[in-house]
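Read through the structure below, which is laid out as structure tokens, and then see the notes.
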Amino acid sequence: SELPFGSLRRRGLLVSEVEGHQVHQQALDQNPLGFSRDFRTLLEWGANQPQSKIDAAYADIRAAGARFQTLMKGVDVLVLPTAPQGPFRFEAQTPANQADFTAIANMAGCPAVAVPATPNGAPPASIQFIAKPDGDHLALRAAAIFEAKRGPAPRPPAYF
């Protein structure tokens, strides 16, 4: 792919932390212990980034979104994995690149829906359907057709 999914996702995280700090700044000032230490650390990190780095992140996101929209021309729905790896155990460390494939839809303003890809009894894996902007109905319809053909979704043993 010509799109650097990993670095784009990290740019998106920077923007989320900057904007998250702006949204929560008053509550952070009034009650910093009302936020988990990890979440507070992320928001404070975002607030302390140089404006040039923030501006570059926004520019990269806009450029990637525009490029992805160009690549989607003539495509009704793009089907791809939700993550670049298969399922991992809950107690395992979350892979750093787990969300690399999902961020691009947001950056491009494209509707996306993710559904379990494996049938009941198999380890859970996920697939996503990304449609062109304003193609919400296409993404939802493709996901519904896939789910109907896939059969029952995987469920944890204790799920009722």
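List the pair-distance distribution P(r) of the chain, using every Cα-Cα distance, as the percent of pairs falling in each 10 Å bin from 0 up to the bin containing the longest distance, rounded to whole percents.
Final binned percentages: 10, 29, 31, 24, 7, 0.
Per residue, how much accessible area does region 11-160 have with a 1.4 Å probe, in Å²? All intermediate terms of the calculation are to be shown ahead of the outcome.
Working: 9610 Å² over 150 residues.
That works out to 64 Å² per residue.
According to a simple spin-label model (label point 7 Å from Cα along Cα-to-Cβ), what is the distance in nm between S16 and Q98?
Result: 1.1 nm between the two label points.
Please check which bits of region 95-115 a label hung off A153 would reach, taking the label as a point 7 Å along Cα-to-C-beta and the cut-off as backbone N under 18 Å.
102, 112-115
Treat each spin label as a single point 7 Å out from the Cα along the C-beta direction, and report the R40 to V115 distance in nm.
4.3 nm
If the only charges are +1 at each Lys and Arg Cβ and -1 at each Asp and Glu Cβ, what is the size of the charge dipole of the chain around the Cα centre, to the nearest 20 debye?
Magnitude of the dipole: close to 400 debye.
Rounded to the nearest 0.05, what FRET efficiency is calculated for A47 and R67 with R0 set to 30 Å and r the Cβ-Cβ distance?
So the FRET efficiency works out to roughly 0.55.
Helix 136-150 versus the longest principal axis of the chain: what is the Cα-based angle in degrees, 0 to 90, to the nearest 10?
Helix 136-150 and the main axis of the chain meet at about 50 degrees.
How big is the charge dipole of region 6-97 about its Cα centre, in debye rounded to the nearest 20, if each Lys and Arg gets +1 on its Cβ and each Asp and Glu gets -1 on its Cβ? Mind dumping the intermediate values first?
Details: 10 positive and 9 negative charges, 63 e Å.
It works out to roughly 300 debye.
Tell me, what HN-Hα J-couplings in whole Hz come from the Karplus equation 6.51 cos²θ - 1.76 cosθ + 1.60 at θ = phi - 60° for each residue of region 101-114, using x for Gly and Pro?
Ordered by residue, 3J(HN,Hα) equals 8, 8, 5, 4, 4, 5, 5, 8, x, 9, x, 9, 9, 10 Hz.
Stokes-Einstein at 37 °C, 0.692 mPa s, Kirkwood radius from Cα pairs: D for region 61-103 in µm² s⁻¹?
Taking Rh from Cα pairs, D becomes 261 µm²/s.
The values are calculated or read from the model by the stated rules, or taken from the named source; none is laboratory data. Fair warning: this is a prediction, and the values are worked out from it, not measured in the lab. Virtual Cβ from ideal backbone geometry, glycine too; neighbours counted across all protein chains shown. SASA here: full protein model, heavy atoms, side chains in, ligands and nucleic acids out. Shrake-Rupley method; radii C 1.70, N 1.55, O 1.52, S 1.80 Å.
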